[in-house]
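Asks: My questions will all concern the structure given below.
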Amino acid sequence: MSDSLPDQTAVDAHVASFERELAAAASARDAQSLRDRYLGRKNSIVASWMQQIGSAPPDQKKSIGRYANELKQAIEARWKQYEETSRDAAPAGGVDVTLPGRQPILGHRHPLTVVRDRMEEIFTRMGFTIVEGPEVEDEWHCFDALNMPAEHPARDMQDTLYLATPMPPFQAGDAMRTMLRTHTSSMQIRYMQTHEPPVRIVVPGKVYRKDDLDLTHTPNFTQMEGLVVGEGVSLADLKGTLLAWAREMFGERSRVRLRPSFFPYTEPSAEVDISCWSCDGAGCSMCKQSGWIEILGCGMVHPAVFEAVGYDPDKVSGFAFGMGMERVAMLKYGVDDIRLFYENDLRFLEQFPL
Ligand code: DAH
């Protein structure tokens, strides 16, 4: 274009393409070199027009000069505008230290983490050690050693996902089918295999079952297991421990009751109910008018379990309990759909204590 003589059409075309290229500039450096290409002292479009004034025939000098100036001013004006808007967007002069600080967005504990932390705090204060174990288990730790041999009907209630690759055995005799653990009770076995009594542990962790998703079930949920073993550990110790936990977790006025139940790894076994903290036992919609809320399973460790890990059932006794942490969280916070814990909707998650 610089070959033909400057005229209004050429001015307009250059201004339009300058605007277009400036809008597309990816960085301040790109914009600067664009500006230099149009306005630079040497070899720029404006500079070449200025040069043409000198070599032009006298009758054209004036109009070339006019168009060259017009182009220069138009480009300078666009450039100034660009500089002003980009200065507003990112202050070139650095940071204004007098402005109030910007609060970083703080993350938030998940309600299940809140419950887990609280439970760990309560049990730690009662002298329990927190231990964790593998989520990939073998059948022996998950079932056999807990007095649930193959074909035991109790296994049906905890169907799970079996893995194609066998796990290298942890201990001699472990090399059985590999699976995702259905409960944290398998850690009772692992812990007793590697520790001498006395034992006082809680085991938080994920467990897996082939359950369909509904209001109260997910194929992956969280449990906390408890195990206490020593000389002379009794059912009264079990009840006292659970009562102390319930009062910390659900309020001072909580009472607990044990109803006879069955688990292969405890004898006797019980389901534990807590007095409803919403109506204090009078009966309300929360406890379905019964005054009690079922919360966990427990019992005295079965002698066969001690035998499986090499403890002498004539010397030691113990109790165990296991509960679903989603259930505790649902009851504590009045959540009616377990799926809410896993949908990652911040409007739900942010309603819980930090
Ligand atoms: N393992 C049981 C379950 O997943 C819960 C349980 C019941 C654990 C009784 C225990 C127990 O330690 O003694 O449903």
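The values are calculated or read from the model by the stated rules, or taken from the named source; none is laboratory data. Quick caveat, the model's predicted, so the values are computed rather than measured. All Cβ positions, glycine included, derive from the backbone under ideal geometry; neighbour counts span all protein chains shown. Side chains are part of the model used for accessible areas, which takes the heavy atoms of the whole protein and leaves out ligands, DNA and RNA. Shrake-Rupley method; radii C 1.70, N 1.55, O 1.52, S 1.80 Å.
Asks: Among the lysines, which have Cα under 19 Å from the Cα of residue 80 when same-chain residues fewer than 8 positions away are ignored?
Replies: Cross-link targets: 72.
Asks: Note the full-extension length gain between residue 36 and residue 212 as 0.36 nm times their separation in residues minus their Cα-Cα distance, in nm to one decimal.
Replies: Numbers: separation 176, 0.36 × 176 = 63.36 nm, distance 6.72 nm.
Extra length from residue 36 to residue 212 when fully extended: 56.6 nm.
Asks: Over region 1-134, what relative contact order in percent results from Cα pairs under 8 Å that are six or more residues apart?
Replies: Normalised by residue count, the contact order of region 1-134 is 20 percent.
Asks: Continuing with the same structure: Please name whichever of 281, 152, 227 sits farthest to the positive end of the charge dipole of region 148-305, dipole taken about the Cα centre and charges placed at Cβ: Lys and Arg +1, Asp and Glu -1.
Replies: 281
Asks: Would you mind calculating the gained length between residue 130 and residue 290 on full extension (0.36 nm times residue separation, minus the Cα-Cα distance), in nm to one decimal?
Replies: Working: separation 160, 0.36 × 160 = 57.60 nm, distance 3.38 nm.
Using 0.36 nm per residue and subtracting the Cα-Cα distance, I get 54.2 nm.
Asks: Could you pull out every Cys in the chain that lacks a partner Cys with its beta carbon under 4.7 Å away?
Replies: 142, 298
Asks: Gaussian network model of the chain, Cα springs within a sub-10 Å range: biggest mean-square fluctuation belongs to which of 15, 305, 228?
Replies: 15
Asks: Please list the non-local residues whose amide H lies under 5 Å from the amide H of residue 263, H modeled 1.01 Å from N, same-chain partners needing a gap of 5 or more.
Replies: 269
Asks: Right, something else. For region 269-354, which trypsin sites (Lys or Arg not before Pro) are in a loop by DSSP, counting at most 16 other Cβ atoms within 10 Å? Before the final figure, lay out the partial values.
Replies: Numbers: sites: 288, 315, 327, 332, 339, 347; in loops: 288, 315.
Those satisfying the criteria are 288, 315.
Asks: Towards the positive end of the charge dipole of region 1-145, with charges on Cβ (+1 Lys, Arg; -1 Asp, Glu), say which of 111, 54, 26 has the farthest Cα.
Replies: Value computed over the given set: 54.
Asks: Sorted by average packing, counted as other Cβ atoms within 10 angstrom per residue and highest first, what order do 72-85, 201-214 take? Walk me through the numbers on the way to the answer.
Replies: Details: 72-85: 14.6, 201-214: 17.3.
Ranked by mean Cβ neighbours within 10 Å, highest first: 201-214, 72-85.
Asks: Give me the 1.4 Å probe accessible area per residue for the chain, excluding ligands and nucleic acids, in Å². It would help to have the intermediate numbers written out before the result.
Replies: On the way: 19680 Å² over 354 residues.
Roughly 56 Å² per residue, with all protein chains present.
Asks: For region 223-259, state which trypsin sites (Lys or Arg not before Pro) are in a DSSP loop and have at most 13 other beta carbons lying within 10 Å of their beta carbon. Walk me through the numbers on the way to the answer.
Replies: On the way: sites: 239, 247, 253, 255, 257; in loops: 253, 255.
Here the trypsin sites (Lys or Arg not before Pro) that fit, given the DSSP loop and packing criteria, are 253.
Asks: Counting only DSSP beta bridges with both residues in the chain, tell me the antiparallel percent, nearest 5.
Replies: Values: 41 of 43 bridges.
Just about 95 percent of them are antiparallel.
Asks: Using Cα-Cα distances under 8 Å and only pairs 6 or more residues apart, what relative contact order does region 257-354 have, in percent? Provide the component values of the computation, followed by the final result.
Replies: Values: 133 pairs, mean separation 19.0, N = 98.
Value for region 257-354: 19 percent.
Asks: For the chain, which whole-number percentage of the solvent-accessible area (1.4 Å probe, protein heavy atoms only) is attributable to carbon and sulfur atoms?
Replies: Here carbon and sulfur together make up 52 percent of the probe-accessible area.
Asks: So how long is each side of the chain along the principal axes, counting just the alpha-carbon atoms, biggest first, in Å?
Replies: On the principal axes, the chain reaches 122, 51, 37 Å in Cα extent.
Asks: Straight-line reach from residue 239: which lysines have Cα under 20 Å away, leaving out those fewer than 8 places along the same chain?
Replies: Output for residue 239: empty list, no partners.
Asks: Now for a different question. If you take every DSSP beta bridge fully contained in region 256-340, what fraction is antiparallel? Give it as a percent rounded to 5.
Replies: Numbers: 19 of 19 bridges.
So the antiparallel bridges amount to about 100 percent of the total.
Asks: Rounded to the nearest 20 Debye, what is the dipole magnitude of the chain about its Cα centre when Lys and Arg each give +1 and Asp and Glu each give -1 at the C-beta? Intermediate results must be reported in sequence, preceding the final value.
Replies: Working: 38 positive and 50 negative charges, 331 e Å.
Dipole magnitude for the chain comes out near 1580 debye.
Asks: Any idea how far apart residue 103 and residue 83 come out in nm if each label point goes 7 Å out from Cα toward Cβ?
Replies: 3.9
Asks: Taking amide H positions as placed in the peptide plane 1.01 Å from N, state which residues far from residue 205 in sequence (5 or more) or on other chains have amide H under 5 Å from it.
Replies: Close amide H contacts, sequence-distant or interchain: 223.
Asks: From the phi angles alone, apply the Karplus equation (6.51, -1.76, 1.60; θ = phi - 60°) to region 37-45 and give each ³J(HN,Hα) in whole Hz, x where the residue is Gly or Pro.
Replies: 5, 8, 10, x, 5, 10, 6, 8, 5
Asks: Any idea what the relative contact order of region 105-236 is, in percent, if you count C-alpha pairs under 8 Å spaced at least 6 apart? Don't jump to the answer; show the numbers that get you there.
Replies: Values: 189 pairs, mean separation 33.4, N = 132.
Relative contact order, region 105-236: 25 percent.
Asks: Moving on. Using only the Cα atoms of region 266-354, what do you get for the radius of gyration and for Dmax, in Å?
Replies: For region 266-354, the Cα-based Rg and Dmax read 18.2, 54 Å.
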